[in-house]
Structure formats: C-alpha cells, structure tokens
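Take a look at the structure set out below.
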Amino acid sequence: MRKRILILGLILVVIISAVAFSGCKPEEEEVELTTVQLAAAEQAELDIVYATDIHVMEADTEINDYQHPEFVAREFDCQKMNFISEAIFETFCDDVIASGKKIVLIGGDLTERGTELSHQRVAESLDRMKEHGIQTYVVPGNHDLYTTGAKAYRYTSEGPVLIPKATEEKFAEIYADYGYGPNSIRYEDTLSYVTNINSKYVLIGVDNVSRLVDRSLVEWIAEQAESAFFAGKTPILMMHKPLGERFTGLYETLGVSVSGQFTVSEGTLAYMKKSLAEAGLTYILTGHVHSNDVMLVPSGHKPGGVEKNLIDIMGNCTSFYDSTYREIRFTQNYVDLTLKHISVPKEEHLPSYLEAEDKNQILNNWREFSLEFGKRDFIENLDSTLQEIPAIFAEFALGIDLNSPEIPAGTAETIISYAQEVLLDYVLEVPIYEEDMTEEDSTSVETLAKAYGFSGSFPDTDYKNIFDIVTEIIFKAVCAGEAEYRQGAPELELIKYGLYGLIANLAEHDFFAFVSQYVEGLEVEDTQDVITAMYSTGVLDLMDANILDNILSLGLLSASDNPILSALSGKSASEILSILIPFLPSINALLKADLLDFMPLDPLAAEEALSGELNFGALIENYFYTVIGKGILFDPYTQTQDFVISRSDFTVYPK
C-alpha cells in the first residue's frame, strides 16, 4: 500500500513540476514588422510600371544612318541616345513582360520627333506587351505632336528628307487601345481622358503640352477626381509636364522655374493645385525634366488650417544615362516605389547601322557607355553657350560690346584670348590635382591653393577638372537620382576650392590691371594677403586692396541701362555698404537667408553699415549648397529611390 502511495506521489510531483516548468518557459517574442515590411505584406490594390520620356526614333527608316552629319547636328542633343532609343524601349518591354506586371503607364514623349512612323513603332511594341496580358496607358509629351517640337527628317545620302508628324487625331487613332479607346471618356476633342484602371483606381490622363491648360480643363480634371473619390476610388493624374518645381531651391529663392510650366499661367497653376487637392486627388505621375524625383507639392488647400500636399512622382528619360523606370505598388495604407534599371539593350534589338566599337561598348560596358555619351554630348551641347563667355565677360567687366564695329579687331582678340585662358580654360581644362598636370598645364586648382598658403589636403578622388565634377553631379543627382551631394561631400569640397581657385587665377592673371586698360578709375593693389586669408578662413575682405571699389567701377555698372545698377555707379564701397542696410529685409526675403550671416555689420562704422568682409566659404556651403542646391544636389523629400510612402501622413520610409 505504501509503495502504491509513494509511486502515486512521485507521479503527482512529476506532473506538478511539468506544469510549473511549462508555465515558466519564456514567451516567444512577437517580431514587430518595419513599415517597409508591412507595406510589402499588404495586398496590392494596384501594381504598375511607370515610365516616361522614352523618345523613340524608328531606326531603320527615320534614322537610317546615325553617323550622318545632319543627324549628328540635329539629333545628338540633350544627352539622349536617340540612335538606340528603339532598342532601349524594346528591351524595356522585354523586362516588363518578364516581371509579370500587367499595367504600364507612360507619361509622354513617346517619340523624339513626333513622327507617325515612330508612333506606329511604339504602338507595335505596346501590342507585343498586350499579347502578354499587359495593358498600357499613354499621354502625349511636347515631342509627340505636329504642333510641338522641331521638324522631323529622314537622314539619307542625298540629305535630310522631311517626314510627317502626328496630328492629335492620328495620335488618338494610333493609341486607341492605350487610353484613347471606347473605355475612356475624352475631354471634348482633346487628348485628355479618364478611364478606370481597375475597380479601385481611376486614371486621369491629361494633355498639358499641345494646348493651354485653362480653368475649364482644370475643372474637368477636378470633377473626374472628385467623382472617383466619392465613389471610393483613388484618382491618379498622369501628364507630361510636372505640377511641382523640380529645382526647389532656385524656385523658392530667385523664382527661377527650370521645370517649365509652358502651357499654364501662374494663376491657373495655383488654381489647379488647390482644385485638385480639394477634389481628393493626391498622386500625380509626370516627366519632361528627365529626372528621377518625387516631390511634395503644396496645394494651397488648407482643411482645418493644415495645408494638403500633392505627391508628384517624376521619371527620367529611358534613353538617357541610367535608363530607368519605376515599379509602384498601391496598397490600402502605403505606396511602395522601386526604381528599376532597364537591362542592357539586347543585341537583337540593336540597329544594323551601329559600328562595331559602339555595339561592343553597349553590350559589354553599358552604364559607362551611356554616362560617357551623355557627358560628351552635354559638353558639345553647351559649346555655343560657353563660347559666349568672352562676350559676357567683355560686357560685364569692361562695358564693351565685342560685336560692335567700333571695336578694333586686335582689341577684341586680346579680350577673347584673356577670357578664354582665365575663365573657360580654368573651368574646362585646368586639372584639380598637381599630380595630373602635364607639360601643357601651367597650373592646377591644388597648385593655386598652395601658392596662397593652403596647408590642408584635397579630397582624394578620380575627378580630373571642375567641369568633370559638375557633369557628374548633373547626371547622377539631378537626372538619375542615384546620388546626393550634401555639405561635406568630396565633390562639393572640390567645387569650393575650385571657386577659391577661380579668384586666385584671376589674381594670377592680374585681373584688375587688365581691366584698367579699358575702364578708368581702378586702383590696382596687390591682393596676395586677401586671397591667402580666404584660403585659411573662408573670408574674402572686399574692402581690402580696393576690391569692392574696383568691382563697382566695372563696365556692368557704368554702362548699364538698368536704373538700379546705374545708380550704384560712382558710389564708393563704403557708401554702398551703408545704402544696403535699409534694404536688408527685402534682400533677406528674396534670398531666403540672412545676409548678415555671410557679411556681418561693421562694428567700427560711425553709421550702421556692412563690413565688406564676405564669408565666401559659408556662402558656398551654407547657402549655395543647402538653399539653392535643394532639389539639385539633394532631394528635400526623399533620400533614396526605393522607399515606401505612408498614405496617411506621407512619411517616407527608405527600403
């Protein structure tokens, strides 16, 4: 009996212990998903591919010969690889088919010259995707119609032959299956339309290039957006030209609009933003500027006192360096964006006229080929502008019109030669580093710095000259959006030293002494100490060595017809620094900065006046790089091209 009780007791102890120990086991921790993971896990309500600015030129007939002098002169512009644009687009279609995506949106500039021939070629490619169950929607860009853009030619041995461009009616006919068919509702007789993409999303495709965007069109867009919104659907607006301003810093400070709102007035633009926001529209797909960017666009609509923003999603040109498009997933709570690179153009898509070397580089070294092509073309495209610099220098510094018949030929040649050597050659050719100097180089940016006592070190990079850095930034930050350049970046440090070096180079070439041959009243003094101080402190004392007085004597002021500039002529530097004081609030409002941060007051002046000590280093780093550079050097909204946007508050979460 006791034995049985003992056994039962042991069993009971074991059971109680097991229960106790099982209760003490730590609970498995719940893993909290990140926002990016939550977005990926949510069911997609709409999953699209977005491309823009494909700029197709039909190869065999329209181009025919990419080495033809007329083709090179007319078509090698804006850094687009027009000569293989068809092959790039065909490869894009291959990529989309392979991805399994079923909806494609293309935001205009389907062709380079708007020829019927190229439009037919694009439609054939869309037909090929349609055979795989892919539905595409398009809108026109400023290159697509006979009413916009340059004339179109076929390049033959006998010379260029004019070929027809598409009318609005022909455009709608060619793309009847891609937005302009019976399932869409057109706005009057225009190329703007509305259609259901699926049961939850409505596409409003707008032609904002071939005709003025007036209030009646804005009201129609708003009506379609509002109708979708109250039906429980999300409206998406697609149009070629952006609603926001890509280069935010320039626009917010100096009012410079680079994106180009060419078909809408400022008043209508403001009305459009507010009307769309009031109608419940948030998402806009655009292009035109050839830039991968996503912008928050203030609408002016302030429900509850809080301004609603619109989201303008832009894309780069596919036949431009980087050759990208976007994949965009809309879920209930998120918008998930991924930037995709078009694959290396397939050999079977490449035109037969390609020379062996170009073909080999495209197939085996694609990204470097496209970057170097773009840089080379960018420089060639700027050549005519750069050649104007001597004339601008002559007018600004000397008050001389080089085109005037009264200017002796020898004088014009001397001025042009000086400007070429001191300005153009410095920016385009002078090496950054001493180690890169050749026997033909008389100086480098680093040599100039050392000559004026600079004892620091330059960032170690592979850049050869200042212009090399500028083009790299334009292509990688502005266009591709693959890089950001913020204060402290090696590229920006080198540009700063390059600007210091420009001033030093002017001094080395006796700038004021040269100018004094043509302009009276200059007092030339040695600027060695001033420039040395600039390299060590970043401060350029304009009151030393008569620098500001001499600047005020330059031809720009003395010969200007502008009443404000001419009023400054004849005033001394001290007078100017006093005169500016009452205007500081207006100057600060214009610059969106406090001028006193870069030129403080003179503590010793009898009356309130600026000191004349320009903190040039701070002006470059804290104003040009951070204020003017917003939207150029870096994106103020997103810091990456792969990210998730919360639909509730528009917060961005990088992947």
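The values are calculated or read from the model by the stated rules, or taken from the named source; none is laboratory data. Just so it is clear, the structure is predicted and the values come from calculations on it, not from any experiment. With ideal geometry, Cβ positions are generated from the backbone for all residues, glycine too; neighbour counts draw on all protein chains shown. Surface accessibility is based on the protein's heavy atoms, side chains included, excluding ligands, DNA and RNA. Shrake-Rupley method; radii C 1.70, N 1.55, O 1.52, S 1.80 Å.
Beta carbons closer than 9 Å, at least 6 apart along the sequence or on distinct chains, pair a first residue in segment 38-49 that is free of Cβ contacts under 8 Å to residues at least 12 places away in the same chain with a second that is among the aliphatic types (A, V, I, L, M) and part of a loop (DSSP other than H, G, I, E, B) for 41/33.
Scanning segment 350-365 for residues that are outside any loop (DSSP other than H, G, I, E, B) and either within 25 Å of the chain's Cα centre (by Cα) or buried (at least 18 other Cβ atoms within 10 Å of the Cβ) (or both) yields a count of 1. The residues listed here are 590, 584, 619, 610; of these, the one that is of a type in the set (A, V, I, L, M), open to solvent by 40 Å² or more (accessible area, probe 1.4 Å) and over 20 Å from the mean Cα position of the chain (by Cα) is 590. Among the residues of segment 513-545, those that are outside any loop (DSSP other than H, G, I, E, B), open to solvent by 30 Å² or more (accessible area, probe 1.4 Å), touching a residue at least 24 places away in the same chain (Cβ under 8 Å) and of a type outside the set (Val, Ile, Thr) comprise 528, 536, 541. If only residues of segment 147-181 that are closer than 17 Å to residue 208 by Cβ and open to solvent by 50 Å² or more (accessible area, probe 1.4 Å) are counted, the one that is modelled with the lowest pLDDT is 149. Figure legend. Inter-residue proximity from segment 369-390: first residues more than 30 Å from residue 514 (Cβ to Cβ), second residues open to solvent by 70 Å² or more (accessible area, probe 1.4 Å) and not in a helix (DSSP H, G or I), beta-carbon distance below 8 Å, spacing 6+ or different chains. No pairs are indicated.
Within segment 406-416, is there a residue that is in contact with a helix residue (DSSP H, G or I) (Cβ under 6 Å, 6 or more places away or on another chain) and at positive phi? No, segment 406-416 has no match at all.
Taking segment 56-114 as the range and being charged (D, E, K, R), open to solvent by 10 Å² or more (accessible area, probe 1.4 Å) and part of a helix (DSSP H, G or I) as the test, the residues that pass are 60, 70, 74, 86, 90, 94, 95.
Check 219, 245, 266 and return the single one that is free of Cβ contacts under 8 Å to residues at least 40 places away in the same chain and either among the charged types (D, E, K, R) or crowded, with 22+ Cβ neighbours inside 10 Å (or both). Sole residue among the options that is free of Cβ contacts under 8 Å to residues at least 40 places away in the same chain and either among the charged types (D, E, K, R) or crowded, with 22+ Cβ neighbours inside 10 Å (or both): 266. Residue-level check: of (1) within 23 Å of residue 212 (Cα to Cα); (2) open to solvent by 20 Å² or more (accessible area, probe 1.4 Å), residue 296 misses just (1).
Picking from residues in segment 311-346 that are touching a helix residue (DSSP H, G or I) at 6+ places or on another chain (Cβ under 6 Å) and not in a loop (DSSP other than H, G, I, E, B), the one that is nearest to residue 239 (Cα to Cα) is 336. Looking across 206, 194, one residue alone is β-branched (Val, Ile, Thr), touching a Lys or Arg at 6+ places or on another chain (Cβ under 9 Å) and crowded, with 18+ Cβ neighbours inside 10 Å. It is 194. Which residue pairs have Cβ atoms closer than 7 Å, lie 6 or more positions apart in sequence or on different chains, and pair a first residue in segment 117-140 that is open to solvent by 60 Å² or more (accessible area, probe 1.4 Å) with a second residue that is in a helix (DSSP H, G or I) and not hydrophobic (A, V, I, L, M, F, W, C)? Final answer for the pair search is 117/61; 117/62. Taken over segment 30-55, the residue count meeting the criterion of being β-branched (Val, Ile, Thr) and open to solvent by 10 Å² or more (accessible area, probe 1.4 Å) is 4. Here is the figure for segment 182-191: residues that are open to solvent by less than 30 Å² (accessible area, probe 1.4 Å) and touching a Phe, Trp or Tyr at 6+ places or on another chain (Cβ under 8 Å) total 3.
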